[in-house]
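A quick write-up on the structure given underneath.
The values are calculated or read from the model by the stated rules, or taken from the named source; none is laboratory data. Just so we're clear, the structure is a prediction, and the values are computed from it rather than from any experiment. No Cβ is skipped: glycine too gets one built from the backbone with ideal geometry, and neighbour counts run over all protein chains shown.
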Amino acid sequence: MTNSVLICGSVAFDTIAVFEGHFKDHFLADKLHAISVSFLVPSMRRDFGGCAGNIAYGMSLLGGHPIPVATVGEDAGDYIDRLKSCGIDVSRIRVVKDTLTAQCYITTDQDNNQITAFHPGAMAFSAENDLTGTQARWAIVAPDAKDGMFAHATKLHAAGIPFIFDLGQAMPLFDGEDMARMLKMASALTVNDYEAGVVESRMGKSIEQIARNLKAVVVTRGADGATLYENGKQFPIAAVVPGEVVDPTGCGDAHRAGLLFGLTQGWSWLDSCKLGNLMGALKIAYQGPQGCTLSRMEIAAQLQAAYSLNLPHA
């Protein structure tokens, strides 16, 4: 069976600004109904981003076989060339004429909190990206246009390709019924700890209850590691302490990359989550969601040091 992974999600350009202060100092609890704030951001940069692009990049560092499934605008030539240079299969990236690639605007404060605004651009056409005939061992349905996420989930489910539902930045688009519909098709769910609370609230169920009908639920908790819910049990997974904390943008996607790579190798969910933890910790030491430049050998050494796991030969 192929070890390819279909990475359904956004490919976007990220404009990232750094606020040299703390958001919490600028929001008044009694004025949240009428917010009017402005932040001075002395530094700003533009990065390659989007969940599909980020996850595919992370998997390429590990020697995996990601196939990003995304729609981009006519301005995406440099991005597509970058993915090709990383050995990533771009055959399922569709260029939509007369559109711009999705644009994400992120402001990060000194506590690594983030405020994000997103322009979908060509992503709005993601449902038109056909998956017919594509084979893969695993897939992920990551944040994208809502109709595109459901279209991809439906096709993957019909094709018998197991997939992870990654709610992420698509959280505002999904009510409880939407989540329930998606999880009937998905094999697993990945969320961070904040998103987990939102899912519980909207679905009226605990994460433990939700996990009963899935192969696994993975909740990432930043510096506190992650929690795996599998077979009616909880497994806390200790975090890897990063060399330094530079930029949290894309850490969740890096975690997904490690998780998916582990699954394609036939690893357990627990060991796959450990690799995910490591990939997130490595990414945070670099600027930008695709900033990590460590070699596969360097990643393997750190995986052995952190969890006594061996990265298989590419």
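Here are a few things to note about the model shown:
- Among residues of segment 223-234, those that are within 17 Å of residue 307 (Cα to Cα), surrounded by 16 or more Cβ atoms within 10 Å (Cβ to Cβ) and not polar (S, T, N, Q), counted: 3
- When segment 94-112 is filtered for residues that are out of contact with any strand residue (DSSP E or B) (no Cβ under 9 Å at 6 or more places or on another chain) and either touching a residue at least 60 places away in the same chain (Cβ under 8 Å) or surrounded by 15 or more Cβ atoms within 10 Å (Cβ to Cβ) (or both), the ones remaining, listed by number, are 111, 112.
- The helices (runs of 4 or more DSSP H) found entirely in segment 159-219 that carry 1 or more residues being touching a residue at least 40 places away in the same chain (Cβ under 8 Å) and either of a type in the set (Asp, Glu) or buried (at least 16 other Cβ atoms within 10 Å of the Cβ) (or both) are 176-185.
- Subset of segment 124-152 [within 16 Å of the chain's Cα centre (by Cα) and hydrophobic (A, V, I, L, M, F, W, C)]: 138, 139, 140, 141, 142, 145, 149
- Pair list, Cβ under 8 Å, 6 or more apart: segment 74-87 residue without any contact (Cβ under 8 Å) to a residue 12 or more places away in the chain, other residue outside any helix (DSSP H, G or I) and surrounded by 13 or more Cβ atoms within 10 Å (Cβ to Cβ): 84/90
- Taken over segment 259-314, the criterion of being among the hydroxyl-bearing types (Ser, Thr, Tyr) and in contact with a Cys (Cβ under 8 Å, 6 or more places away or on another chain) is satisfied by 286 alone.
- Looking across segment 267-314, the residues that are among the aromatic types (Phe, Trp, Tyr) and either part of a helix (DSSP H, G or I) or farther than 19 Å from residue 137 by Cβ (or both) come down to 269, 286, 307.
- Among residues of segment 277-298 that are in contact (Cβ under 8 Å) with a residue 60 or more places away in the chain, those with a beta-carbon under 9 Å from a residue that is surrounded by fewer than 23 Cβ atoms within 10 Å (Cβ to Cβ) and basic (Lys, Arg) at least six positions away or on a different chain give the pairs 287/45; 288/45; 290/82.
- You will find that of 248, 242, the residue that is assigned to a loop (DSSP other than H, G, I, E, B) and under 19 Å from residue 52 (Cα atoms) is 248 and no other.
- Within segment 76-115, being assigned to a strand (DSSP E or B) and of a type in the set (A, V, I, L, M) holds for 93, 95, 102, 106, 115.
- Reported count of residues in segment 1-40, each being surrounded by 11 or more Cβ atoms within 10 Å (Cβ to Cβ) and either under 30 Å from residue 186 (Cβ atoms) or in contact (Cβ under 8 Å) with a residue 60 or more places away in the chain (or both), is 23.
- Some residue of segment 100-111 being at pLDDT below 90 and either of a type in the set (A, V, I, L, M, F, W, C) or under 16 Å from the mean Cα position of the chain (by Cα) (or both): yes
- Residue match in segment 2-24 (condition: assigned to a helix (DSSP H, G or I) and either within 30 Å of residue 312 (Cβ to Cβ) or more than 17 Å from the chain's Cα centre (by Cα) (or both)): yes
- Scanning segment 60-73 for residues that are part of a loop (DSSP other than H, G, I, E, B) and either free of Cβ contacts under 8 Å to residues at least 12 places away in the same chain or crowded, with 20+ Cβ neighbours inside 10 Å (or both) gives 62, 64, 73.
- The one condition from (1) out of contact with any His (no Cβ under 8 Å at 6 or more places or on another chain); (2) of a type in the set (Gly, Ala, Ser); (3) surrounded by 16 or more Cβ atoms within 10 Å (Cβ to Cβ); (4) modelled with pLDDT of 95 or more that residue 126 does not meet is (1).
- Restricting 303, 263, 275 to those that are surrounded by 13 or more Cβ atoms within 10 Å (Cβ to Cβ), in contact with a Gly (Cβ under 6 Å, 6 or more places away or on another chain), of a type in the set (A, V, I, L, M, F, W, C) and under 18 Å from residue 58 (Cα atoms) reduces the list to 275.
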